[in-house]
Structures are given as structure tokens and as C-alpha cells.
1. Arranged by the count of other C-beta atoms within 10 angstrom, fewest first, what order do 155, 250, 122 take?
2. Mind pulling the angle between the C-alpha long axis of helix 189-206 and the longest principal axis of the chain? Nearest 10 degrees, somewhere in 0 to 90.
3. Rounded to the nearest 500 deg cm²/dmol, what is the calculated helix-only ellipticity per residue at 222 nm for the chain, with -39500 (n - 2.57) per DSSP H run of length n ≥ 4?
4. Report the gain in length on full extension from residue 246 to residue 139: 0.36 nm times residue separation, minus Cα-Cα distance, nm rounded to one decimal.
5. Neighbour counts of other C-beta atoms within 10 Å: give me 295, 289, 109, 223 arranged from fewest to most.
6. Treat each spin label as a single point 7 Å out from the Cα along the C-beta direction, and report the residue 76 to residue 106 distance in nm.
7. Can you give me the distance in nm between label points at residue 156 and residue 128, each placed 7 Å from the Cα along the Cα-to-Cβ direction?
8. Order of 203-210, 74-81 by packing, highest average Cβ count within 10 Å first?
Ligand SMILES: Nc1ncnc2c1ncn2[C@@H]1O[C@H](COP(=O)(O)OP(=O)(O)O)[C@@H](O)[C@H]1O
Ligand SMILES: [Mg+2]
């Protein structure tokens, strides 16, 4: 625990809505160690983005508010840090990539300018040196003829190329941690695979840690060392990648893994769990997965399940882990 690069504890984030307060992230804890790739997975709406944005101080407050918890990065709690200091860490010590590069890239500036800008924001660097570094970065993320593309505008690039530019920007200041929120979701399967390969290569080369957020088990399979499964704002299970696929113990994880994961098949598989996420404004009492769970008994619906430690690095918030022991991959 103490060797964690990022240590999130009891993170709780709420939104003020017309119908009252919605807890989008409820008592979430996990670590990312130096150099490690951690996957954060869960259905759309389970609170993954809100968790990441809370850690990065990027949620609009109001309506959002972090009610409790800590997010210690390199020994300091990001949640207690003055906004100005957090801005210095974001983009420098922690890089970020989001789902839709078109909304993160500025349409009116050439891409080379935008990379140079992120360099200048955090480093003393002259124009010529910034331009050279921008070319090297574009080259590194696999953009062909980088020196000619520097003056291109975002709309002149394909979705996959734009996401490569976002990765170049995120890497510009050599971050220790990269937080990537659905970085490949908007792209077709082939391009997704290429980008995941790129991220894996970059991780090996730079030794940076990654927190990869996705709703896609195939992406997790290609990428993560360790996985945190979220359901309805809470952590359902955490496990090393092999354990997650071979011996998951939370019925929700088991449901997500209904078949052998591949990048192409996951969308269909995620729909195999009957029912849908609870209404975040009025979650069921007790275990939030209980209404969809074939193992649930009366007590599951009565009280929030404690987290059970199953092995080193393997935990599940489930009362019925005895009953879920005999799971077999389909
Ligand atoms: N701006 C907002 N206002 C109110 N509630 C929000 C807002 N953004 C997110 N939420 C709530 O947080 C929940 C989790 O959202 P999110 O973290 O984006 O899910 P995920 O990234 O896992 O798909 C949503 O279901 C919603 O209830
Ligand atoms: Mg999201």
C-alpha cells in the first residue's frame, strides 16, 4: 500500500440534482503502483469517469462535490491541494486522455501548436525546441510524416490519428501516471487494437503507470495487470488480471465474463446480465447488484456487503463468495 504511486481511499462524490443528492462514487478505494497498468471497468454509468475526474479535480463544483476520501499521489493528497498546484501536476506528473479527442483538441489551432503549448505550460522551452519535441512526439505515437502534419488542424485527421495526438500531448511532459478514460471507445476495433499496442509499448519504454478506464473487457484483457470492477458507484471486485478471468468471485464480474473475451465480442457480452444499473438517485439498499444477482438472498438486499479478502490483491464486496467459487469460464 505504501509503495503506491496513487492511493485512492474512500472516495465519495455526489452531484446536486433537482431530485436531490446523487452519490455517483461511493466509498471507492484502489491503488496504482509505479509502472503498473490498472484497469477500471464497469458498465456505462457506474461512476468510472466521475472517480477519475474527482481525483484530477476536474469536476464542475457545483453540481459535483467530493464528500469524502483521499487521493494520495507521490505522497500528497490531490483532493486537498490548492487548484493552482493541482494544475501543475495535471499534464505534467499525471497525463490524461479522454474518450473523444475532438472535444479535447482545440479545433482552431494546428496540432503541433497544441503539443508545443502543453510543453510550454510546464517547462521553460523555446519555440524551436518545442517544435522539435512536438515532431519527435508525433513520430513516437505513430503519426507518419510528423514534420508535415504539425500544421494540420484536428479536423484534417482521422479519429485514430487525433487520439494519437492526444496521447502525444499527454506524454509531452513525461508523466509518471497516465489516466486514460475510454481512450479507444470511439474508434473501430482495428484502430483500438493499434492504440492499445501503442500504449503498451509506451508503458514499457517509459515505465509510467496507467489507469485505464473502460467498459470493455476485451480492452482490459489486452492491457491491465490488475483490474478494479465498479458497479453502481462502488468497487465490486479487485483482482490481478489472471485471477479476474480465471477465478472471479463477484457475481457481477462473472456476469461480465460470460464468454471468452476478445476485443470484438465484448459489446454483446456485456448485455448478457439481465436487468440494468440501478437509478443512482435511488439505489437499492444493501448490495446494489442484488436485484440482478442469481445468488442473492434476503440479507444481500438488507445490508451493504463487507469487502472479503480472497487472496493477495483479490477482494470482492459480496456475501456469497462461497457460492460463487465454482465459476467456470464459458
Ligand atoms: N453532471 C452530472 N450531474 C448529475 N449526475 C451526474 C453528472 N455526471 C455524472 N453523474 C452521475 O454519475 C453517474 C456515473 O457517471 P460516470 O462516472 O460518467 O459513469 P461511467 O464513466 O462509469 O460511465 C451517472 O450515472 C450519473 O448518475
Ligand atoms: Mg465514463
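Only the coordinates and a few stated rules stand behind these numbers; no lab work does. Computed from a prediction, not measured in an experiment: that's the story for all the values here. Don't worry about glycine lacking a Cβ; one is built from the backbone with ideal geometry, like all the others, and counts go over all protein chains shown.
1. Details: 155 9, 250 31, 122 17.
Listed from fewest to most nearby Cβ atoms, that is 155, 122, 250.
2. Between the helix axis and the principal axis of the chain, the angle is about 80 degrees.
3. Numbers: 12 runs with 105 residues, N = 330.
Helix contribution divided over all residues of the chain: -9000 deg cm²/dmol.
4. 34.7 nm
5. On the way: 295 18, 289 27, 109 13, 223 23.
Starting with the residue having the fewest Cβ neighbours, the order is 109, 295, 223, 289.
6. That separation, rounded to one decimal, is 2.6 nm.
7. Placing both labels 7 Å beyond Cα along the Cβ direction yields 2.4 nm.
8. Details: 203-210: 16.6, 74-81: 14.5.
Taking the mean over residues of other Cβ atoms within 10 Å, the ranking is 203-210, 74-81.
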